[in-house]
1. Considering ALA183, ALA109, which residue is aliphatic (A, V, I, L, M), in contact with a strand residue (DSSP E or B) (Cβ under 7 Å, 6 or more places away or on another chain), at pLDDT 85 or above and in a loop (DSSP other than H, G, I, E, B)?
2. Restricting attention to the range 75-103, and to residues there that are over 13 Å from LEU135 (Cα atoms) and aliphatic (A, V, I, L, M), which single residue is surrounded by the fewest Cβ atoms within 10 Å (Cβ to Cβ)?
3. Any idea which residue in the range 126-142 is surrounded by the most Cβ atoms within 10 Å (Cβ to Cβ), counting only those that are free of Cβ contacts under 8 Å to residues at least 40 places away in the same chain and in a loop (DSSP other than H, G, I, E, B)?
4. Restricting to the range 254-279, count the residues that are surrounded by 13 or more Cβ atoms within 10 Å (Cβ to Cβ), part of a loop (DSSP other than H, G, I, E, B) and among the aliphatic types (A, V, I, L, M).
5. Given (1) assigned to a helix (DSSP H, G or I); (2) farther than 22 Å from VAL218 by Cα; (3) β-branched (Val, Ile, Thr), identify the lone condition not met by VAL282.
6. Please tell me if SER40 is of a type in the set (Gly, Ala, Ser) and touching an Asp or Glu at 6+ places or on another chain (Cβ under 7 Å).
7. Counting just the residues of the range 112-125 that are free of Cβ contacts under 8 Å to residues at least 40 places away in the same chain and not acidic (Asp, Glu), which one comes out nearest to ALA84 (Cα to Cα)?
8. Return the total of residues in the range 125-165 being over 25 Å from PHE26 (Cβ atoms) and at pLDDT 95 or above.
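The values are calculated or read from the model by the stated rules, or taken from the named source; none is laboratory data. What you see is a predicted model, and the numbers here were worked out from it, not measured in a lab. Every residue, glycine as well, gets a Cβ built from its backbone with ideal geometry; the counts of neighbours run over all protein chains shown.
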Amino acid sequence: MIKYNNMKLIDIIKEAEKNKTAIGHFNIADTQMLKGIFSSAQKLKVPVIIGTSEGERDFIGVKQTVALVKSLREEYDYPIFLNADHTYSFEKVKEAVDAGYDSVIFDGAKLSFEENMKITKQSVEYAKSVNPNILIEAELGYIGKSSKLLDEIPEGAEITDEHLTTPEEIKEFVESTGVDLIAPAVGNLHGMLKGANNPALNIERIKELREAGGIPMVLHGGSGIADEDFVKAIDAGIASIHISTEVRVAYKNGIKIGLQENPDDIAPYRYMKEAVHHVEKVIEKRLKLFSKIN
């Protein structure tokens, strides 16, 4: 295992890219999900990023989430980091930066190219003025919005070749904003189609974008992607992968089983064990794949 002590998040991401692996990023909405994710990361001895969307941050509490993750990092001296996922305004970016998040995603994918660049650059400048180690990630290309089970591909999602992020776009965007990480549209999709894998990724485009952008790339919408596509995407230049819907499904199924097996139990710490266990299984499977652990 690499000695991650005191390594910055950007260095860990770059180290993963160099080794043709990827850092897993998993969203949480409560402490039980966090417990399951952290337990699996510890077991495999790999770094992990915890994500919270605007809705998840509102539910848990912005400062409370920071305190939870930092307490694990400090108590166990472990490379666990916190990302403010899908943040849609500069005001919300500022809130997460001020609270102590390790990274923040400004999601301007539905804005014009110029407006997306403008607010991303503003976010970068503010974050670096507070702490140079805080990373700002941008999303370039609309791939849907919700981490949920889907009946069909969301309207407007840019998953066909002619609508994917182009090398010219990513080069201009990175150079104009100074962003640390970027999540392009490469055939991926937020959410998970019911009963089928999500569309295949354009692996050749991932290679082209990594070369043109010159910074680490992040794959959003990881739930529902075929395992072989994950491996190819990592080899092509993806350094971090986001999983949310898959974790939510496992968590909900675990709660159902816990309640079915203990219908008269009113102690959450007992019937919620199944929820934690189901999350652990999903995270372990994904981290093994992303880290290429047999």
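1. Step by step, each of ALA183, ALA109 is checked, and only ALA109 is aliphatic (A, V, I, L, M), in contact with a strand residue (DSSP E or B) (Cβ under 7 Å, 6 or more places away or on another chain), at pLDDT 85 or above and in a loop (DSSP other than H, G, I, E, B).
2. Per the criteria, the residue is ALA99.
3. ILE134
4. Residues flagged as surrounded by 13 or more Cβ atoms within 10 Å (Cβ to Cβ), part of a loop (DSSP other than H, G, I, E, B) and among the aliphatic types (A, V, I, L, M) within the range 254-279 amount to 1.
5. The number of the failed condition is (2).
6. On the way: of a type in the set (Gly, Ala, Ser): yes; touching an Asp or Glu at 6+ places or on another chain (Cβ under 7 Å): yes.
Answer is yes for this residue.
7. SER123
8. The number of residues fulfilling the criteria is 6.
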